[in-house]
Amino acid sequence: MTQDRESEREYHRPVMAAAVSELMRPVPAGVVVDATFGGGGHARELLKVLGGGHRLLGIDRDPAAIAQAEVLRRAVDDAQFGTDRFMVQEGNFAHLDEILVDAGVSAPVGVLFDFGVSSHHFDEPERGFSYRLEGPLDMRMDRSGSVTAADLVNHLEESELSTLLHRLGEEPAARRIARAIVNARPIATTTELAAVVERAVPGGRRRLHPARRTFQALRMAVNQELEAIDSGVRTALDLLAPQGRCITIAYHSLEDRLVKGLFADATKGCVCPPELPVCTCGASPSYRSLTRGVRKPSEEEIAANPRARSARLRAVERVAA
Ligand SMILES: C[S@@+](CC[C@H](N)C(=O)[O-])C[C@H]1O[C@@H](n2cnc3c(N)ncnc32)[C@H](O)[C@@H]1O
């Protein structure tokens, strides 16, 4: 195995890749956007199943992922990947409309969102995402925002911190953890913060680390993840070509709930007030659901890749302008 193949394998293992390929395969010829390129696992699979009439645009806000894409483009001995069928663009999918204009793409035929961070982020202690590896409390996926996790941890009011942990981490012990953090300030590193949380919510042996929700909440706030999802998925639904498909993979209920609502609106059609007994608007839906709710990974995939455990995949297809 070459070093590049090795680094690609270690960067991130794609989740539900077979389902993504199967759902994207029927789209008409055109540009498919992988809005969360990461280690390029899904992109590579998509390029394999899509025909020669397709090009793939990979987007990621993290320069490390973009660098990884260049490594793949140059070094992987897979003819499909290195050709002009593959473009890559650094950017935040919150600005998907601008990224597509810059890339000369007006109506993509597919958009994939595989939300959150990649395994690479957790494996690099200096990025500050891991509660197990010591590093600075950074958590920025890119350098566009100046607010780090350390800023939030050390400067928010206790009540603001508690609200943040409750809202973005769905943390039941948010108040207790917020008080413990304020009492322990200043907190400089990931492992210091994890220890503070662990002391604040004592308990016996747990399957999941007690700081998991705190880290999730801080990461989502630092990167304004829900705002980006709302904007990116809305833009994708606005711009997709007829028979174009949008696929999302969410890893927790906040992400999934947001997409569920956006997809429900797109597949609903009728905009009559719910109190009307019959539809009078006559509007027909622009999208149909391809997954009827969510698809989940198989037990085999979860056993092979525990990160897939919480994945929830949804997909819709454009049926009308
Ligand atoms: C779960 S990983 C994707 C993994 C990828 N599907 C693969 O197979 O390797 C999510 C990626 O999306 C990127 N990302 C998260 N939010 C983003 C945003 N708003 N705009 C662009 N990229 C984003 C992260 O930097 C990360 O590399």
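The values are calculated or read from the model by the stated rules, or taken from the named source; none is laboratory data. Since the model is a prediction, treat every value here as computed from it, not as a measurement. When we count neighbours, we look across all protein chains shown, and the Cβ atoms used for this are built from the backbone with ideal geometry, even at glycine. With ligands, DNA and RNA removed, areas are computed over all heavy atoms of the protein, side chains included. Shrake-Rupley method; radii C 1.70, N 1.55, O 1.52, S 1.80 Å.
With respect to the conditions (1) within 12 Å of the ligand (Cβ to nearest atom); (2) under 18 Å from ASN92 (Cβ atoms), THR148 falls short on a single one, namely (1).
Would you confirm whether or not the stretch 228-243 contains a residue that is modelled with pLDDT under 95 and open to solvent by 20 Å² or more (accessible area, probe 1.4 Å)? No. Among all positions in the stretch 305-317, there is at least one residue which is farther than 22 Å from VAL111 by Cα, out of contact with any helix residue (DSSP H, G or I) (no Cβ under 7 Å at 6 or more places or on another chain) and surrounded by 13 or more Cβ atoms within 10 Å (Cβ to Cβ).
What do you reckon, is LEU193 over 22 Å from ALA19 (Cβ atoms), in the same structural domain as HIS54 (by TED's automatic domain parsing), of a type in the set (A, V, I, L, M, F, W, C) and touching a helix residue (DSSP H, G or I) at 6+ places or on another chain (Cβ under 8 Å)? It is false that LEU193 is over 22 Å from ALA19 (Cβ atoms), in the same structural domain as HIS54 (by TED's automatic domain parsing), of a type in the set (A, V, I, L, M, F, W, C) and touching a helix residue (DSSP H, G or I) at 6+ places or on another chain (Cβ under 8 Å).
Could you say whether any residue in the stretch 193-213 is within 30 Å of VAL31 (Cβ to Cβ) and surrounded by fewer than 19 Cβ atoms within 10 Å (Cβ to Cβ)?
No: zero hits.
Residues in the stretch 134-150 that are over 10 Å from LEU218 (Cβ atoms), crowded, with 16+ Cβ neighbours inside 10 Å and more than 22 Å from the chain's Cα centre (by Cα): GLY135 only. Checked against (1) over 14 Å from the mean Cα position of the chain (by Cα); (2) crowded, with 23+ Cβ neighbours inside 10 Å; (3) within 14 Å of the ligand (Cβ to nearest atom); (4) at pLDDT 95 or above, PRO108 meets all criteria but (3).
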